[in-house]
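Take a look at the structure below.
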Amino acid sequence: MENYLNKIICGDCIEWLGQIEQPFADLVFADPPFNIGYKYDKYYDKRKKENYIAWTKQWMTLCRDVLKPHGSFYIAIGDDYAANVKVIADEIGLTMRNWIIWHYTFGQQTKSKFARAHTHIFYFVKDSKNFTFNDHAVRVPSDRQLLYNDRRANPLGKIPDDVWNTDSRVCGTFNERVQWHPCQMPENLLKRIIAASSNEADCVMDPFSGSATTAAAALQMGRNYVGIEVSENYAEQSRQRLAQLSQDISRNGDIVKDQTQRLLADTRISPKKLLKDKKLLRIFVNQLSVRAGNRQFAGEEVAGVLREIGERDTKMSTPQLDFKQ
Ligand SMILES: C[S@@+](CC[C@H](N)C(=O)[O-])C[C@H]1O[C@@H](n2cnc3c(N)ncnc32)[C@H](O)[C@@H]1O
């Protein structure tokens, strides 16, 4: 198995996973083609409904089999097949922990019906009593803390809701966008999943790797990854994306900056707003410490990082709001 760790494998996930004998993944994230006629360079995304459902059951079963006993399994899926995924999960013995709605803040325009602006993300586990859930690593400041000055507020912040609206789709103009893949997930969304449901040095597997967002997030968070992608072109470009990222990490790797960026994206508070408001900054710094397992962050250091991010990011991938004005 070591041969495949930290690699993007070019192949059909059903064939590849079918050859694996031992469970190796602590976390699986799958974002399959949704069967809605998307243009991929190799895969044809408009199959007969019954074939697509049978295929979904096949790969879900194989993913379950390579998942370690305490493992977690997240699946992103569109409206058309969300119900089928849930039924299959029940049939193959997975336990659902959350049915998350990712409400993306930049939906596509429509002419004659309401614009679709969400994707379903299922969070399943193999064993309902034994799984990793690092709540501290994903907590965010609560409204009690931020808005209402409520002394009953939990100083640890709160676990986010199951409707996620902090991340937009990765649009063509975003810095994050790779330009060679049609439907890239935001890294920040993957980071939340990886932070909650894996630990450092764990193995995160993505059977539909695409542009390697899962691998990129795993790499930045000190996890191992395995990505499987049927298109040679996407697989090769993914390897280049990850090689570049490894170089950037070894040059600039900075835990304070990484954590600050992730919390900024999760709260959508602008650096400017934080730097102007001492109370808000204190709550933010405290939340960083909670997320990092009580490692203390110095306010001045965080403020320095916020200044740097504020100046640099003229073109942010997530619009920054001046918090709830
Ligand atoms: C929705 S995209 C994944 C996007 C990915 N989450 C990202 O952020 O870039 C689905 C990907 O699955 C790939 N794919 C389709 N069938 C596959 C198979 N049987 N095995 C492996 N990859 C497959 C497609 O080429 C496509 O890149």
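How many residues does segment 215-233 contain that are surrounded by 21 or more Cβ atoms within 10 Å (Cβ to Cβ) and in a helix (DSSP H, G or I)?
Looking only at that region, the number is 4.
State the number of residues belonging to segment 194-214 that are assigned to a helix (DSSP H, G or I), within 13 Å of the ligand (Cβ to nearest atom) and surrounded by fewer than 24 Cβ atoms within 10 Å (Cβ to Cβ).
0
Determine whether I88 is in a helix (DSSP H, G or I) and under 25 Å from L189 (Cβ atoms).
Spelling it out, I88 is indeed in a helix (DSSP H, G or I) and under 25 Å from L189 (Cβ atoms).
I need the full set of residues from segment 23-39 which are in contact with a helix residue (DSSP H, G or I) (Cβ under 8 Å, 6 or more places away or on another chain), surrounded by fewer than 18 Cβ atoms within 10 Å (Cβ to Cβ) and farther than 20 Å from A83 by Cβ, in order please.
Within segment 23-39, just P23 meets the criteria.
What's the number of the only condition in (1) over 24 Å from L288 (Cα atoms); (2) out of contact with any helix residue (DSSP H, G or I) (no Cβ under 8 Å at 6 or more places or on another chain); (3) in contact (Cβ under 8 Å) with a residue 12 or more places away in the chain that Y225 fails to meet?
Among (1) over 24 Å from L288 (Cα atoms); (2) out of contact with any helix residue (DSSP H, G or I) (no Cβ under 8 Å at 6 or more places or on another chain); (3) in contact (Cβ under 8 Å) with a residue 12 or more places away in the chain, the lone unmet condition for Y225 is (2).
When the residues of segment 120-167 are narrowed to those that are of a type in the set (V, I, T) and closer than 29 Å to K273 by Cβ, which ends up surrounded by the fewest Cβ atoms within 10 Å (Cβ to Cβ)?
Within segment 120-167, the first condition is being of a type in the set (V, I, T), and the residues that meet it are 121, 125, 132, 138, 140, 159, 163, 166.
If we keep only those that are closer than 29 Å to K273 by Cβ as well, we get 121, 138, 140, 159, 163, 166.
On the way: I121: 22, V138: 21, V140: 20, I159: 15, V163: 10, T166: 20.
Checking each candidate, the answer is V163.
Checking E236 against (1) part of a helix (DSSP H, G or I); (2) of a type in the set (D, E, K, R); (3) surrounded by fewer than 20 Cβ atoms within 10 Å (Cβ to Cβ); (4) away from the ligand (no atom under 16 Å from the Cβ), which test does it fail?
That leaves (4) as the condition not met.
So the check is Cβ under 8 Å with 6+ separation or different chains; which pairs have a first residue in segment 36-49 that's closer than 19 Å to A76 by Cβ and part of a loop (DSSP other than H, G, I, E, B) and a second one that's near the ligand (Cβ under 9 Å from one of its atoms) and among the small types (G, A, S)?
The qualifying pairs are Y40/S231; Y43/S231.
Say we look at segment 1-21 and pick out the residues that are modelled with pLDDT of 95 or more and part of a helix (DSSP H, G or I); which of these is nearest to D41 (Cα to Cα)?
Among them, the one singled out is C13.
Which residues, taken from segment 115-165, are part of a loop (DSSP other than H, G, I, E, B), out of contact with any strand residue (DSSP E or B) (no Cβ under 7 Å at 6 or more places or on another chain) and under 19 Å from P186 (Cα atoms)?
Answer for segment 115-165, where residues must be part of a loop (DSSP other than H, G, I, E, B), out of contact with any strand residue (DSSP E or B) (no Cβ under 7 Å at 6 or more places or on another chain) and under 19 Å from P186 (Cα atoms): R116, D161.
Here is a yes/no grid of residues against (1) within 16 Å of the ligand (Cβ to nearest atom); (2) touching a Cys at 6+ places or on another chain (Cβ under 9 Å); (3) closer than 30 Å to A243 by Cα; (4) not assigned by TED's automatic domain parsing to the domain that holds Y225:
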site	(1), (2), (3), (4)
A25	yes, yes, yes, no
V28	yes, yes, yes, no
A76	yes, no, yes, no
A89	no, no, no, no
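With the structure loaded, tell me whether Q259 is within 16 Å of the ligand (Cβ to nearest atom), within 21 Å of R312 (Cα to Cα), assigned to a helix (DSSP H, G or I) and without any contact (Cβ under 8 Å) to a residue 40 or more places away in the chain or whether it fails that test.
Details: within 16 Å of the ligand (Cβ to nearest atom): no; within 21 Å of R312 (Cα to Cα): yes; assigned to a helix (DSSP H, G or I): yes; without any contact (Cβ under 8 Å) to a residue 40 or more places away in the chain: yes.
Judged against the criteria, Q259 is not a match.
Here's the yes/no breakdown for (1) touching a residue at least 24 places away in the same chain (Cβ under 8 Å); (2) crowded, with 17+ Cβ neighbours inside 10 Å; (3) at positive phi:
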{"residue": "I255", "(1), (2), (3)": "yes, no, no"}
{"residue": "S270", "(1), (2), (3)": "yes, yes, no"}
{"residue": "L274", "(1), (2), (3)": "yes, yes, no"}
{"residue": "D277", "(1), (2), (3)": "no, no, no"}
{"residue": "V285", "(1), (2), (3)": "no, yes, no"}
{"residue": "R291", "(1), (2), (3)": "yes, yes, no"}
{"residue": "F297", "(1), (2), (3)": "yes, yes, no"}
{"residue": "G304", "(1), (2), (3)": "no, no, no"}
{"residue": "R312", "(1), (2), (3)": "no, no, no"}
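Please tell me if Q184 is within 9 Å of the ligand (Cβ to nearest atom), within 14 Å of the chain's Cα centre (by Cα) and under 26 Å from S270 (Cα atoms). Explain how you work it out, then say what you get.
Working: within 9 Å of the ligand (Cβ to nearest atom): yes; within 14 Å of the chain's Cα centre (by Cα): yes; under 26 Å from S270 (Cα atoms): yes.
Yes.
When you scan segment 95-114, do you find a residue that is part of a loop (DSSP other than H, G, I, E, B), of a type in the set (G, A, S) and either in the same structural domain as I228 (by TED's automatic domain parsing) or within 14 Å of the ligand (Cβ to nearest atom) (or both), even just one?
Yes, the conditions are met somewhere in segment 95-114.
The values are calculated or read from the model by the stated rules, or taken from the named source; none is laboratory data. Keep in mind it's a predicted model, so treat the numbers as computed, not measured. Glycine gets a Cβ as well: all are built from the backbone with ideal geometry, and neighbour counts include every protein chain shown.
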